[in-house]
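Below is one structure, written out as structure tokens, with a few remarks after it.
The values are calculated or read from the model by the stated rules, or taken from the named source; none is laboratory data. All values reported here derive from a predicted model rather than from experimental measurement. Glycine also receives a Cβ, built like all others from the backbone with ideal geometry; neighbour counts cover every protein chain displayed. Keep in mind that these areas ignore ligands, DNA and RNA; they rest on the heavy atoms of the full protein, side chains included. Shrake-Rupley method; radii C 1.70, N 1.55, O 1.52, S 1.80 Å.
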Amino acid sequence: ANLHMFRLVVLIGLLTFGSLWVLTYLVDQFRAFRFTDIVLVLCFLAVYGFSRLPSMKAPSVLWLYCAFSVYAAVTILSGIFVTQNYVDVMIFVCLFQLPVLTLDRSLRVDLIEVILAAAYLLFVLPHKSPGLASTEVVNVGFFTASALAAGGFLRRTRIANFELERQSVQRETTDYLTGLYNRRKLFEYLGEKEKKGSAEPLAGILMLDIDFFKLYNDSYGHIAGDECLRRIGAYLLSLGQSYPVSFFRYGGEEFLGTSSNFNREELCCFGEKIVDELRGLNIQNEFVERGRVTVSVGLAFSDSPDGRSYEQLISQADSALYEAKRTGRNRAVVWHPGMSTIEQSCR
């Protein structure tokens, strides 16, 4: 939002003061502003140019502050050399826009607003007549106070709207039970990864299925089943924050992970890690031989530097998962052509 507002402020500034600069050649009463108008245009261009340099990376709000500071500085210059005999309205526009348009911590916005207002009065008042000086003080004080009040209200309203939008998007793309992204988000993500020229093409997929989950659900009830899914989802969520793997709830008791960074061996070892650590959660299931909840994992890896179609990788990971189930569960199996025996598992 700040980046959009910065570009908008610069664009409006260039159009407004560029047009006024042209008018200084056409209308005699504007001639006095020729110098300040062109200085403001050049300063806006300079700030925008610096913001585009790779070596000048900075938060958007910083460039927005720079734009308003340039505006205030040129207004001070105008107040000293051009508008000594009348009130300079440009500073009032600047002081009112800064808190209203900027999204930042209120203390910082308000502090910069007060500093710009004080700087204007400090430098300009000595060059004004007593009558104009008192008018400037009243106007600057009124605009500053009203802008701080209006800015605080509008800032809170905009942030609240952003939060509502974020929650709405999150509800559409996040599985409410596990906290993982849902299947809809998965296919959006895979579509981006599969695009030609993707910076990190899809390299591997793992599919994870909870062993004997239907039996667990039937034996312990759906509430216990939901808690089991929640615990496994929380584990995968934390794992995705520590490793270059993104996890999604694929459906029911099935989960899917994607990686762009692991090689075949690393992906295989990662699948083993998941099997071991989920078994280590010690989610009790007395109705199976092992006495606890376990998972099976199927893995598929692309040897192509450009990645492989996600449909193909998902199909291969699904076949590997079936092999893991067929050969005893509680294991990770990596897919490759002709897979039919347990020797092709990761173990």
Counting only protein heavy atoms, what percent of the accessible surface of the chain is carbon or sulfur at a 1.4 Å probe?
61 percent
Please state the relative contact order of region 184-339 as a whole percent: Cα pairs under 8 Å, 6+ residues apart?
30 percent
Counting only complete DSSP H runs, which helices of the chain cover 20 Å or more along their long axis at the Cα atoms and score a mean Kyte-Doolittle of -0.5 or above?
2-23, 34-52, 60-81, 106-124, 130-173, 222-242, 264-279
Region 117-203: chymotrypsin sites (Phe, Trp or Tyr not before Pro) in DSSP loop, at most 10 other beta carbons within 10 Å
Tyr176
Among [x] 29, 27, 18; [y] 65, 23, 14; [z] 33, 24, 18, which is the computed semi-axes √(5λ) of the Cα gyration tensor in Å?
[y]
What does the extension gain come out to for Phe123 and Arg183, with contour length at 0.36 nm per residue minus their alpha carbon separation?
15.5 nm
Compute the relative contact order of region 123-204 as a whole-number percentage, counting only Cα pairs closer than 8 Å that sit 6 or more residues apart in sequence.
10 percent
Say the dipole of region 78-164 comes from +1 at the beta carbon of Lys and Arg and -1 at that of Asp and Glu; which of Gly141, Phe123, Leu107 then lies farthest toward its positive end?
Leu107
Charge dipole (debye, nearest 20) of the chain; +1 at Cβ of Lys and Arg, -1 at Cβ of Asp and Glu:
600 debye
How many angstrom separate the Cα center of region 236-286 from the Cα center of region 6-49?
58 Å
For region 122-197, what is the accessible area per residue in Å², given a 1.4 Å probe and the full set of protein chains?
65 Å²
If you place +1 on the Cβ of every Lys and Arg, -1 on the Cβ of every Asp and Glu, and leave all else neutral, what size is the dipole of region 248-288 about its Cα centre, to the nearest 20 Debye?
120 debye
Cross-link pairs Lys193/Lys325; Lys214/Lys273; Lys193/Lys214 - those with Cα-Cα distance over 27 Å:
Lys193/Lys325; Lys193/Lys214
Would you calculate, for the chain, the mean residue ellipticity at 222 nm contributed by helices, counting each DSSP H stretch of 4 or more residues as -39,500 (n - 2.57) and dividing by all residues, to the nearest 500?
-21000 deg cm²/dmol
Relative contact order for region 223-263: what is it in percent, counting Cα pairs under 8 Å that are at least 6 residues apart?
27 percent
Between Arg264 and Ser242, Cβ-based FRET efficiency (R0 35 Å, step 0.05) works out to 0.95
